[in-house]
Amino acid sequence: MDLRIQQSVVTNLSRRPAAVESGPFILGFDPATDSPNINYATPRPGTEITASDVGSLVSAFHSASRQPRLEYVVNCAPGLEELLLAAGFTVEERHEFLTCSPESFVSPPVVDGFVVRQPENRAERAAMVAAQGEAFGDAFEVSDADVDRLETLRQRGGFEMAAFASDGTCAGAGQAVPPGGGVSEIAGIAVRAPYRRRGLGGAITAALSRLIFESGADLAWLEASGDDSWRVYERIGFRAAGRRLYIRL
């Protein structure tokens, strides 16, 4: 399972607009944003990594004017954390990831008063990005590049999903990357504060999971940000499966 999840991250970063390979690492750069949450690296699973490789990785980030940052499945790169710490990196977060299969998937009840569906145009995608930003506590103006990123995701086989209230307000949203090797990551599940505790997070996640499985993939995975979201994901069939590390210079 660890190997499948880590390889899916490698595949996803390799699809970034300006992806770079540096020794055993894939760096997923996007020229449209300098966000470290989008521009990060991950190691290829099963490859030997040295201090010299880490030095080259840092140089590659600096050459692209990006902050050195990695996300990876811990068991797929034993010893890497020690090398990164020795190079001055600092641990951001440690997460458990959860996985779901068609066999474990449970469809949740419909949430009255809301429609959960894919956005149909740029205006709805902009509303989706704005809802996610507000839910995560990020204050920013939604740009054309943000909307373009979602459209590119869809064009490459990924999935978007949003919950719309009866007045047309986007209450929450999420997305999933194009499946690779039968695996797809669900990310960005967010519900604006006034609409929480109604089941929308589970409904959005379930709708994305359903699309992933209908596409022929057999594994969806995500990370929970806290106990509340953990319970939401467990109710629709996600189970803890491994650990990931976020670390930056």
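The values are calculated or read from the model by the stated rules, or taken from the named source; none is laboratory data. Fair warning: this is a prediction, and the values are worked out from it, not measured in the lab. For neighbour counting, all protein chains shown are included, and Cβ atoms are generated from backbone atoms with ideal geometry for every residue, glycine included. Accessible surface is based on the protein model in full, side chains and every heavy atom, while ligands, DNA and RNA are left aside. Shrake-Rupley method; radii C 1.70, N 1.55, O 1.52, S 1.80 Å.
A compact table of results
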item	result
Stretch gain in nm, segment D144-A19, where the contour uses 0.36 nm per residue and the Cα spacing is subtracted	42.9 nm
Candidates A32, A123, A176: whichever shows maximal mean-square fluctuation once the chain is modelled as a Gaussian network with Cα springs under 10 Å	A123
Positive-end residue, the range 114-241 charge dipole about Cα centroid, Cβ charges, pick of G182, V115, V147	V115
Separation in nanometres of the label points that stand 7 Å from Cα toward Cβ, at Q118 and R235	2.6
List R239, R66, R4, ordered by accessible area with a 1.4 Å probe, largest first	R239, R4, R66
Where labels lie 7 Å past Cα in the beta-carbon direction, separation of T152 and S65 in nm	1.7
Karplus 3J(HN,Hα) series, Hz, for the range 20-28 with 6.51 cos²θ - 1.76 cosθ + 1.60 (x for Gly, Pro)	10, 9, 10, x, x, 10, 10, 10, x
Centroid-to-centroid separation of the range 149-202 and the range 14-55 [C-alpha atoms, Å]	25
Net lengthening on full extension, E82/D34 (0.36 nm per residue, minus Cα-Cα)	14.6 nm
Computed FRET value (nearest 0.05) for R196 with D2, which takes r as the C-beta separation and R₀ as 30 Å	0.40
At 1.002 mPa s and 20 °C, Stokes diffusion of the range 1-141 via Kirkwood alpha-carbon radius, µm² per second	122
The range 116-249 pair-distance distribution - Cα-Cα, 10 Å bins, rounded %	12, 43, 36, 8, 0
Estimated dipole of the chain in Debye, rounded to 20 [Cβ of Lys and Arg +1, of Asp and Glu -1, Cα centre]	280
Point-charge dipole on Cβ atoms (K/R +1, D/E -1) for the range 65-212, about Cα centre, debye to 20	300
The chain - Rg over Rh from alpha carbon coordinates, Kirkwood radius	0.96
